[in-house]
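A short worksheet on the structure shown next.
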């Protein structure tokens, strides 16, 4: 009677693990496309402003390279440009979780949040009465956000890639 020893079981596990990882990777990235080609395609689509294809490809990259911050940063930009605020904030948060030194993602996330706060304050003002005690504070915050969110000059661009200024909202 052949009873597998602990060392034989260990060797079997070591032999099977790489195969399982390869199977999982093939499910995430198309079998005929490797990560480098997928990244190139995603960048081309992003540069050509084909946000639907870029989003699809960067999602695949984010799944296949779970520790990489860049696909999440690009997804944040795609979502910000298409006014998907919650998705943009989530994607930027995922990017900075993976790379806290990615200051462009922090910056863009803050911009998206400030733009959203500005929109919320504008909507809120529709419901405020003239004598509401919070009116002066809302007005002050609104003016401050308006000042902060003025577009920067082209030579002062910060945070964006691809020559873009603040993400469109």
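The values are calculated or read from the model by the stated rules, or taken from the named source; none is laboratory data. Just so we're clear, the structure is a prediction, and the values are computed from it rather than from any experiment. All Cβ positions, glycine included, derive from the backbone under ideal geometry; neighbour counts span all protein chains shown.
So, residue 120, is that one surrounded by fewer than 14 Cβ atoms within 10 Å (Cβ to Cβ), part of a helix (DSSP H, G or I) and touching a helix residue (DSSP H, G or I) at 6+ places or on another chain (Cβ under 8 Å) or not? I'd like the intermediate steps shown before the answer.
Details: surrounded by fewer than 14 Cβ atoms within 10 Å (Cβ to Cβ): yes; part of a helix (DSSP H, G or I): yes; touching a helix residue (DSSP H, G or I) at 6+ places or on another chain (Cβ under 8 Å): no.
Here the answer is no, as residue 120 does not meet what is asked.
If the Cβ limit is 8 Å and pairs must be 6+ apart or interchain, which residue in the range 106-118 that is closer than 11 Å to residue 145 by Cα pairs with which residue that is in a helix (DSSP H, G or I) and at pLDDT below 95?
114/145; 114/148; 117/141; 117/145; 118/142; 118/145; 118/146
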